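All of the numbers you see were taken from the coordinates with simple rules; none came from a lab. Please read these numbers as outputs of a predicted model, since none were measured by experiment. Methodologically, a virtual Cβ is constructed for each residue, glycine included, from the backbone with ideal geometry; neighbour enumeration extends over all protein chains shown.
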Amino acid sequence: MKNKDWFKVRGYRHIDSKITLNEKRKVLSKLSNPEYVAKHAFLPLIYKTITERKYKKLMDSDGVYYRSHFGRDTGESTKKVRPIHYACHIDAQIYAYYNHKILSSAYEDLLRNTTGLSDCISAYRSIVAPEGFRNKSNVHFAKDAFDEVRKRGECIAIALDVKSFFSTLDHKILLERWKEVLGLSFLPPDHFHVYKSITQFRYVSLNDFRTVKGGFDEREISNYQKDGIDAFFRSMTDFRERLKAKEFIVRKNQFHKEENGKRYLIGIPQGLPISALLANIYMYRFDLVVYNELCLKRNVFYRRYSDDIVLVCSINQREYVESFIREKISGELAKLKLSENKTERTIFEEFKVNGKTRLQSYALSVDGKKTFNIPFNYLGFQFYGYQTLIKNNRVSNFYRRMKRAVRVQHIKADKAKEKSLIANKVIYKTRLYRLFSYKGVKKRELSSRRRYILTKNRLDYWTRKPIDIKRRHRGNALKYAQKAAEIMDAPEINRQYRNHFRILQDTIKKYNFDNLRKD
């Protein structure tokens, strides 16, 4: 199986200019030199937030369930705001190099020292799937957990979530685990410098680079690009002068905790090429203790996907297993907390329907009350014991994106009609069908897209050189559903999207485009 190249050309704009593939050899010669990395001046990260829409299932006074964007008790929005910090281009290459070329292989070697431990850690690793020609995905990891439930029959599945995972990692523990992975009593200067850049990071808010109207100064950026610079600043001198003029503020790591009357820095930025691996390294000792004490001694099934922990055990083991996890994760091994409101307990029992026995799911509340036919949710799937489905919100998001895409085309068509004084309001259905219908399931080559790069000619002038970028359509949500249905042997997944084409056609007809066939 072909390994992915760690060196990536990152398309985002940052403080420094973008690094092209042609510069790989020059950059690699720097990154492979520990002395260069040990003295490298890391630039501030850029900070932004990603908001995820969340629905909560609530019950009204009549006992009827409904979905809401707001919590019933607090009245606050249930949307999830995720802070993201991303590095400048040269710093990102350093983090990627230390991830893929040094730490990742050392971490895998450490896992192999304990037979069976590697199976317990799912996220951010390249694990070959049973098919042999691709790596495991969320579908395979979810199937492993669901198959374990089927194998055990009557049992309980416990889903736990670590609270504010990346932003609460203890720096001392991370340092000790980093040394343990390398098999050293202290970190070499280059590793320690990378460690400090992550734990004592500085950042600039992306909003600080926006103009009063909310966008970026595209005219200024365009002038930079004419000189071969694709960044927010013309040079590092320009960056420092603007910083001195207080056009923006460089902030320090804001993650901290109070302990024994003192304030300590904690946490690492989420979004760096090395963040996910460091999170796994951080949890190594915790994973090892759980595996030895629960998996080997008490036959408990344990899987951790980043901050999501799943355990499958016999029903009478539940209290011990939960208390063990809480004790170990809050103790010296990890110093983390669980999100109690996100804990889910799902009991599976045999249930007779029409004379046939099937495995049936029940949600178990804190007070011990069982609720019939509430699924076990894991990695975007819902498992009822007798069937597996894609999570409802994922299907809802598909239809929401579909309707939004049609609405955007409607708005653009109206503006084009008004601006160009054309008679017809036209919709371009090919892309919609490719993204939101069965017609986009197959992979295919798309028409190339022309782009321009800035290069210097023989007279040392910057010129625009046209290049054709090949594009490839890799499938859509329906392709994912078909793949999941095949891997999980769950044809019911395909039925979740059976009305997709009719809904797409009805949505298109709603806006009265002129190039539609009139029935």
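Grab the other residues whose beta carbon is less than 13 angstrom from that of A334, score K and R as +1, D and E as -1, and report the net.
Result for the local shell: +3.
Where does the charge balance sit around V289 when Lys and Arg score +1, Asp and Glu -1, over other residues with C-beta under 15 Å from its C-beta?
It works out to a net charge of +2.
Excluding residues fewer than 8 places away in the same chain, name every one of the aspartates and glutamates whose C-alpha is closer than 19 Å to that of K419.
The reachable aspartates and glutamates, counting only those whose Cα sits under 19 Å from K419, are D514.
Which value in nm describes the separation of the simple spin-label points at E220 and E148, placed 7 Å from the Cα toward the beta carbon?
Using points 7 Å along Cα→Cβ, the separation is 5.3 nm.
Take the alpha-carbon centre of region 315-357, take the same for region 375-427, and report the distance between them in whole Å.
Here the answer is 35 Å between Cα centres.
Positive end of the charge dipole of the chain (Lys, Arg +1 and Asp, Glu -1 on Cβ, about the Cα centre): tell me which of S222, H140, L174 has its Cα farthest that way.
The Cα lying farthest towards the positive end belongs to S222.
Would you grab the residues whose amide H sits under 5 Å from the one on L338? Only those 5+ places off in sequence or on another chain, please, with H modelled 1.01 Å from N.
Sorted by chain and number, the residues that satisfy this are K163.
Quick check: pseudo-label points 7 Å beyond the Cα along Cα→Cβ at K244 and N341, how many nm apart are they?
The modelled label-to-label distance comes out at 4.8 nm.
Find how much the distance from N424 to L265 grows on full extension, using 0.36 nm per residue of separation minus their present alpha carbon separation; answer in nm with one decimal.
Extra length from N424 to L265 when fully extended: 51.2 nm.
Of the options I315, A490, C155, report the single residue whose Cα projects farthest towards the positive end of the charge dipole of the chain (beta-carbon charges: Lys, Arg +1; Asp, Glu -1).
A490
Starting from the 7 Å offset along Cα-to-Cβ, what nm value, one decimal, do you get for the label separation of D119 and Q254?
4.4 nm
What does the extension gain come out to for S29 and R444, with contour length at 0.36 nm per residue minus their alpha carbon separation?
This chain segment gains 145.7 nm when fully extended.
Which loop-located GluC sites (Glu not before Pro) does region 76-149 contain, where loop means any DSSP state but H, G, I, E or B and the Cβ has at most 16 other Cβ atoms within 10 Å?
E76, E131
To the nearest 20 debye, what charge dipole does the chain have about its Cα centre, counting +1 at the Cβ of each Lys and Arg and -1 at the Cβ of each Asp and Glu?
Here the size comes out at about 2820 debye.
Tell me the mean residue ellipticity at 222 nm calculated for the chain from its helices only (DSSP H runs of n ≥ 4, each -39500 (n - 2.57), averaged over every residue, nearest 500).
Helix-only estimate at 222 nm: -10500 deg cm²/dmol.
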